[in-house]
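So the structure is just underneath, and the comments pick up after that.
The values are calculated or read from the model by the stated rules, or taken from the named source; none is laboratory data. Given the structure is predicted, the values throughout are model-derived calculations rather than measurements. When we count neighbours, we look across all protein chains shown, and the Cβ atoms used for this are built from the backbone with ideal geometry, even at glycine. Heads up: the accessible areas ignore ligands, DNA and RNA and are worked out on the full protein's heavy atoms, side chains in. Shrake-Rupley method; radii C 1.70, N 1.55, O 1.52, S 1.80 Å.
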Amino acid sequence: MGLEQYKGDMEMCCRCSACKFIPMQRVNGLQYANVCPSVSKYNFHSYSGGGRLNIGAAMLKEGFNYTDRLLDIVYNCQMCGACGVSCNYAMDMEVMEPINEFRIKCVEDGKTRPALDKVITGLRKHGSMVPATGKRGDWASGLNLKDATKEKVDVLYHVGCLTSYDKNMQKLAKATAKILQKAGVDFGIAGDAETCCGGRAYQMGYKEDFLSQAKKNMAMIKEAGVKTVVTACADGYQAFKVLYDKFNLKGGLEVLHISEYIDKLIRDGRLKPRKKVDLSVTYHDPCRLGRLGEPWIHWQGKKIPGDRFVFDPPKVYRRGTHGVYQPPRDVLKSIPGVRLTEMTRIKEYSWCCGTGGGVNESNPGFAQWTARERIEEAESTGAEAMVTACPWCEKTFNEAISETGSSLKVYDIVELVETAIS
Ligand code: SF4
Ligand code: SF4
């Protein structure tokens, strides 16, 4: 079915442009009212969520004519989901699903970007979305962690590509392991048996590669008898929790982001952040932990014949409100000395860090531009630091900061918790 199944949704777009902004009652001024990085940067309707639907509808009707400009529009989108959430504030129609399907069709038709093809070639060879130097589990050397493929464990910590291989990001894997050890969690890692979750391949439109990765991971998990997976990466969280479920691959697996798990461990009295961390912070909601981390809804029904877009039974839409928002905030509030001030665009209306949808790889300048927008918003709160809950966000923000010379510090939530329990 692909894009065709969303023909009615795409035709329903009334070009109101609500998908470009946060809802009116949340707007504090012209600054930070935008929610779509793509249309904000390129300033042309076709680059918005609605514009993408208009193009998709036209192409279904008139045939697919791939021009350079069309592909520029398709690939300069972080697939961040903000347009869908803003549209669905008032409208009952799918926005992100047809945008995803459009990207998938481009890849199926061979209309790709060389930078993305290169990343996917690496994925097929090494099971990683980042260059794989050494072994996947090398970061854990000397930490005496259990191998979940050889020993029975309660929890599998899925580390993820960036945190496993990037020397600057391995600190997050070590912090996560230390937190779980301190709380006495019976956990393990899969080491070299771990492979990429496939989530970022899906965002880029490489659906078959995503499915291949998902099946490999679930086979390993089944073999190991694991019932709970914890990840500290928002992409990994969305892949395991939402996408594996969407494609009926997840089964009964429990999937938790580390911020949810830490929150639970603190509430259960197993983790006590006692050490003072004297820091004013603001919190950045990663797209794939927040609005795109909302559970999948397995709705089945049919359209009632006629012009109106009505279904039997009524269709239930994912509106981004059931993402992981409160646990990271509660964790921050539980750390003595941490003072949280919120930005304007938060929770389901969070501004993307810039790295999703392959933009980081195919147009790093746009990724950096998007990150700089968020850094400026974080600075406007007066906070000393921005805390996030995804290694990709931290990496992108720090790269942007190194260019702007901003004094804002960026931390992952596990870094602050690690300090507070030391
Ligand atoms: S996608 Fe939704 S919000 Fe955007 S223009 Fe179309 S109807 Fe309006
Ligand atoms: S997914 Fe994000 S970047 Fe793409 S059109 Fe929607 S809001 Fe804009």
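Selection of the stretch 75-102 for residues being in a helix (DSSP H, G or I) and either more than 16 Å from ligand 1 (Cβ to nearest atom) or farther than 30 Å from ALA18 by Cβ (or both) yields only TYR75. Filtering the stretch 156-172 to residues that are in contact with a strand residue (DSSP E or B) (Cβ under 8 Å, 6 or more places away or on another chain) and within 22 Å of SER422 (Cβ to Cβ) leaves TYR157, VAL159, LEU172.
Look at the stretch 280-293: where a residue is among the aromatic types (Phe, Trp, Tyr) and a partner is open to solvent by 10 Å² or more (accessible area, probe 1.4 Å), sitting 6+ places away or on another chain with Cβ atoms under 7 Å, you get TYR283/LEU340. The residue of the stretch 1-51 that is farthest from ligand 2 (Cβ to nearest atom), among those that are more than 16 Å from TRP351 (Cα to Cα) and in contact with a His (Cβ under 8 Å, 6 or more places away or on another chain), is ARG15. Considered as a group, the residues in the stretch 20-30 that are in contact (Cβ under 8 Å) with a residue 24 or more places away in the chain and open to solvent by 80 Å² or more (accessible area, probe 1.4 Å) include one that is farthest from ligand 1 (Cβ to nearest atom), and that residue is ASN28. Being basic (Lys, Arg), surrounded by 17 or more Cβ atoms within 10 Å (Cβ to Cβ) and more than 14 Å from ligand 2 (Cβ to nearest atom) is a description that applies to LYS105.
When the stretch 309-331 is limited to residues that are touching a helix residue (DSSP H, G or I) at 6+ places or on another chain (Cβ under 7 Å) and in a helix (DSSP H, G or I), the one that is most open to solvent (accessible area, probe 1.4 Å) turns out to be ASP330. Residues considered: LYS111, LYS125, LYS118. Of these, the only one that is more than 10 Å from ligand 1 (Cβ to nearest atom) and in a loop (DSSP other than H, G, I, E, B) is LYS111. Among helices (runs of 4 or more DSSP H) entirely within the stretch 176-276, having at least 3 residues that are surrounded by fewer than 21 Cβ atoms within 10 Å (Cβ to Cβ) and basic (Lys, Arg) singles out 207-224. If you go through the stretch 395-420 and keep only what is open to solvent by 50 Å² or more (accessible area, probe 1.4 Å) and polar (S, T, N, Q), you end up with ASN398, SER402, THR404, SER407, THR419. Is it true that ASN65 is closer than 20 Å to SER362 by Cα, open to solvent by 40 Å² or more (accessible area, probe 1.4 Å) and either of a type outside the set (A, V, I, L, M) or more than 10 Å from ligand 2 (Cβ to nearest atom) (or both)? So ASN65 does not fit the description; no.
Taking the stretch 372-394 as the range and being crowded, with 22+ Cβ neighbours inside 10 Å and among the basic types (Lys, Arg) as the test, only ARG374 passes.
So for the stretch 42-54 (the condition being of a type in the set (A, V, I, L, M, F, W, C), within 12 Å of ligand 1 (Cβ to nearest atom) and closer than 22 Å to GLY205 by Cα), does at least one residue qualify? Checked the stretch 42-54: at least one residue is of a type in the set (A, V, I, L, M, F, W, C), within 12 Å of ligand 1 (Cβ to nearest atom) and closer than 22 Å to GLY205 by Cα.
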